[in-house]
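Here the structure comes first, spelled out in structure tokens, and everything after it is commentary.
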Amino acid sequence: MTASNYATERETTEGKVFTVTGGDWDEVVSGTDPINDERIVVNMGPQHPSTHGVLRLILELEGETVREARSVVGYLHTGIEKNLEYRNWVQGSTFVTRMDYLAPLFNETAYALAVEKLLGITDEVTERANTIRVLMMELNRISSHLVWLATTGMELGAISIMLYGFREREYILEIFEMITGLRMNHAYVRPGGVAQDVPDEAIVKIREFLTMMPKKLKEYEDLLSGQPIWTERTQNVAVLDVTACLALGVTGPVLRSAGLAWDLRKTMPYCGYETYEFDVPTHTDGDVWGRYLVRLAEIRESLKLVEQALDRLKPGPVMVADKKIAWPAQLAIGVDGMGNSLEHVAKIMGQSMESLIHHFKLVTEGFRVPPGQVYVGIESPRGELGVHAVSDGGTRPYRVHYREPSFVNLQALPAMAEGGLIADVIAGGASLDPVMGGCDR
Amino acid sequence: MSAPNDRNDNGGVPVPVTPAGASSGAPAEHPPSSPAGRGMFGIHGTGDVSGFGGLVRQRKPVEETPRPYGGYFDEVRDALEEAYPAFGDAIEKVVVDRGELTLHVRPERIAEVCQVMRDDLALRFELCSSVSGVDYLGADERRLHVVYQLTSMTYRRRVRLEAAVSAEHPHLPSVTAVYPTADWQERETYDMFGIVFDGHPNLTRILMPDDWEGHPQRKDYPLGGVPVEYKGAEIPPPDRRRSYQ
């Protein structure tokens, strides 16, 4: 057998050159699978502008039709749950806030609620702290939904809405920066309350936001709702009914867009949500269009909640009274850019040895949490965000598991995509609003 | 577990009576996440000269809660007992703690129990909110726990199912046939704890790379990390810093 059976060869001045071709495999395979060359496998991601972060989709296509879709996650796994086991309970806040980076305040609040339930101090959290939590969470829900609107618009070809969505979100991030010191990754909601009180100038800014936002929402609707391209790309696309949602564990706006008014703020209230007036928007189509309408309506409901929270914000402590849990000082940004309280430093260094010891023990060792386990679920912008926390009685979490709605909801992507067009994979995936930082943790 | 005042071998000071708080430790299935006395300063034993050096936390087993449990917990138990003939065999114990109901289920029965929990009209736990694992290192036969959080949307109730397997034989049936949403969550539990869910359609790693060795969330799997130098001082990685008992 000579080499020419496999590849043609020719002599050149550089030596012998072979030209390798596919040989006769086309003919061999065509006998068993006549459409073998009509099905192609497309690897979409993990670096792809339309996959919302590092999500990888493997699509088997027949022409433009998706026959099989599989999603691959884990590219952003950072071991946050494992890391929590090596830090004390308060330090956990700084870790969990980095999971779902579009909804950091939900991660923190869920964690704080779980630790408080383990400590048995749920009822001792002050009214002001709970009101601030609701206020912050609802602002965060608006900012998260705005990013959803912005990125989904961009992915479906509506670039203007991307700019508008991020512009208004920036306004909320400025409010967050005034209150917590940071635009993202706040570590603001702590076990026992919140880290800092809300400054007065932030209240003014939130009031301004409340007057501005309804007009902006109207603008978004003028841009998108009647627009034929937007309706064509979203209506009857990536349909998921209630049965499929429940089987696949999908919660949040996707479930509500299919018609089930399941919102943990109403059905299993926490942080005093049962005392607020708001509606749970639903839709019955179960398509991308329905999810768009539900999310826009949720922004309006969140505005109502923010307004009510502002109105009932009465002066008072923002941390539990128990000095064994609450950190001793109200920190402020010092000239070095670090959190300090000069008053408190003067006291512990110059006047009270007991205060110094207490501060040192609480900050380095942390508080102990009685052994046991709890599960707390809250309604994040993406669905049920659950925290399963286990304590062994020590100063560190024994195990913390996050039931991340992004992770669970992504399982529904093949059900939405298979049988549809490849362009609708993008619309369907975007309508789930996955955040890979939360999904992979 | 010996009495606290017998334990002087770790360098502690003998104490005449059991100090208050010595028996307030974690249940037997909650061993300490870090052995005491290990830390930055190389001290053996507790390094404690306060007189409490001999303090050993006693670890009580997780005990069955006596009835009535209160709330909807009695109804759930009664409904399950009525709908599921093998209740006595499958349910090891019922624990009510911090307003939450936990049913400890024999691992080989978990899929059956989930089926009844979902289908029975008086139970109706339609949504499997979460599946995850916990590693109780040192609990041998009951080392690896799988924890299922079920939610009934009809009755607005939550129940936790817990099944314990050993690290040597970490097998239990998959509940994916009952709750398809458990698919990825069981994969994550397999990935992180090495628990094998028999009957799962595609039990592969999900968060870690496919060729990864070991199961990172197990307690005997190191956290890893490198020491960091800051202004001349060397800070050890988090898992080698001083830890408190």
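See the values below:
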item: A:Thr275, sole failed condition from (1) surrounded by fewer than 24 Cβ atoms within 10 Å (Cβ to Cβ); (2) of a type in the set (S, T, N, Q); (3) within 14 Å of chain B (Cβ to nearest Cβ); result: (3)
item: Of residues in segment A:114-169 being buried (at least 23 other Cβ atoms within 10 Å of the Cβ) and of a type in the set (Ser, Thr, Tyr), the one farthest from A:Val294 (Cα to Cα); result: A:Thr131
item: Subset of segment A:257-270 that is buried (at least 23 other Cβ atoms within 10 Å of the Cβ) and closer than 19 Å to A:Arg403 by Cα - its residue that is farthest from the other protein chains (Cβ to nearest Cβ); result: A:Asp263
item: Qualifying position, being assigned to a loop (DSSP other than H, G, I, E, B) and either within 20 Å of the chain's Cα centre (by Cα) or surrounded by fewer than 24 Cβ atoms within 10 Å (Cβ to Cβ) (or both), among A:Gly437, A:Gly429, A:Gly419; result: A:Gly419
item: Residue check for A:Glu68: over 19 Å from A:Tyr398 (Cα atoms), within 14 Å of chain B (Cβ to nearest Cβ) and surrounded by fewer than 22 Cβ atoms within 10 Å (Cβ to Cβ); result: yes
item: Yes/no for A:Leu173 being farther than 20 Å from A:Thr131 by Cα and assigned to a helix (DSSP H, G or I); result: no
item: Test result for A:Val425, closer than 29 Å to A:Ala103 by Cα, within 14 Å of chain B (Cβ to nearest Cβ) and at pLDDT 85 or above; result: no
item: Condition met for B:Asp120 (closer than 24 Å to A:Gly249 by Cα, surrounded by fewer than 19 Cβ atoms within 10 Å (Cβ to Cβ) and away from chain A (no Cβ under 14 Å)); result: yes
item: Pairs, first surrounded by 12 or more Cβ atoms within 10 Å (Cβ to Cβ) in segment A:204-222, second outside any helix (DSSP H, G or I), C-beta under 9 Å, six or more apart; result: A:Ile206/A:Val198
item: When residues of segment A:276-307 are limited to those that are assigned to a helix (DSSP H, G or I) and within 19 Å of A:Val189 (Cβ to Cβ), the one nearest to the chain's Cα centre (by Cα); result: A:Ser302
item: Any hit, segment A:32-47, residues being in contact with a Cys (Cβ under 9 Å, 6 or more places away or on another chain), of a type in the set (A, V, I, L, M, F, W, C) and either modelled with pLDDT of 80 or more or surrounded by 10 or more Cβ atoms within 10 Å (Cβ to Cβ) (or both); result: no
item: Condition check for A:Phe360: surrounded by 14 or more Cβ atoms within 10 Å (Cβ to Cβ), of a type in the set (Phe, Trp, Tyr), more than 27 Å from A:Pro199 (Cβ to Cβ) and at pLDDT 80 or above; result: no
item: Pick from segment A:206-237, criterion of a type in the set (A, V, I, L, M) and part of a helix (DSSP H, G or I), ranking: farthest from the chain's Cα centre (by Cα); result: A:Ile229
item: Residue list for segment A:71-105, restricted to those being crowded, with 21+ Cβ neighbours inside 10 Å and more than 14 Å from every other protein chain (Cβ to nearest Cβ); result: A:Ser93, A:Val96, A:Thr97, A:Asp100, A:Leu102, A:Ala103, A:Pro104, A:Leu105
item: Residues being in a loop (DSSP other than H, G, I, E, B) and either within 13 Å of chain A (Cβ to nearest Cβ) or in contact with a His (Cβ under 7 Å, 6 or more places away or on another chain) (or both) - total across segment B:186-245; result: 31
item: Extreme residue, nearest to A:Asn340 (Cα to Cα), among residues of segment A:354-412 that are at the interface with another protein chain (Cβ under 10 Å from one of its Cβ atoms), in contact with an Asp or Glu (Cβ under 8 Å, 6 or more places away or on another chain) and charged (D, E, K, R); result: A:Arg396
item: Check on A:Ala326, closer than 30 Å to A:Val237 by Cα and either surrounded by 14 or more Cβ atoms within 10 Å (Cβ to Cβ) or basic (Lys, Arg) (or both); result: no
item: Qualifying residue in segment B:140-147 (condition: at pLDDT 90 or above and more than 10 Å from chain A (Cβ to nearest Cβ)); result: yes
item: Of residues in segment B:91-116 being more than 14 Å from every other protein chain (Cβ to nearest Cβ) and of a type in the set (A, V, I, L, M), the one farthest from A:His388 (Cα to Cα); result: B:Val116
item: Any hit, segment A:281-291, residues being β-branched (Val, Ile, Thr) and surrounded by fewer than 19 Cβ atoms within 10 Å (Cβ to Cβ); result: yes
item: Close pairs from segment A:181-197: first touching a residue at least 24 places away in the same chain (Cβ under 8 Å), partner assigned to a strand (DSSP E or B) and crowded, with 19+ Cβ neighbours inside 10 Å, Cβ under 9 Å, at least 6 apart; result: A:Tyr188/A:Val194; A:Arg190/A:Met319; A:Gly192/A:Met319; A:Gly193/A:Met319; A:Val194/A:Met319; A:Ala195/A:Val189; A:Ala195/A:Met319
item: Test result for A:Leu113, more than 23 Å from the chain's Cα centre (by Cα), closer than 21 Å to A:Val390 by Cα and modelled with pLDDT of 90 or more; result: no
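The values are calculated or read from the model by the stated rules, or taken from the named source; none is laboratory data. Please read these numbers as outputs of a predicted model, since none were measured by experiment. In this analysis, Cβ positions are derived from the backbone assuming ideal geometry, glycine residues included, and neighbour counts consider all displayed protein chains.
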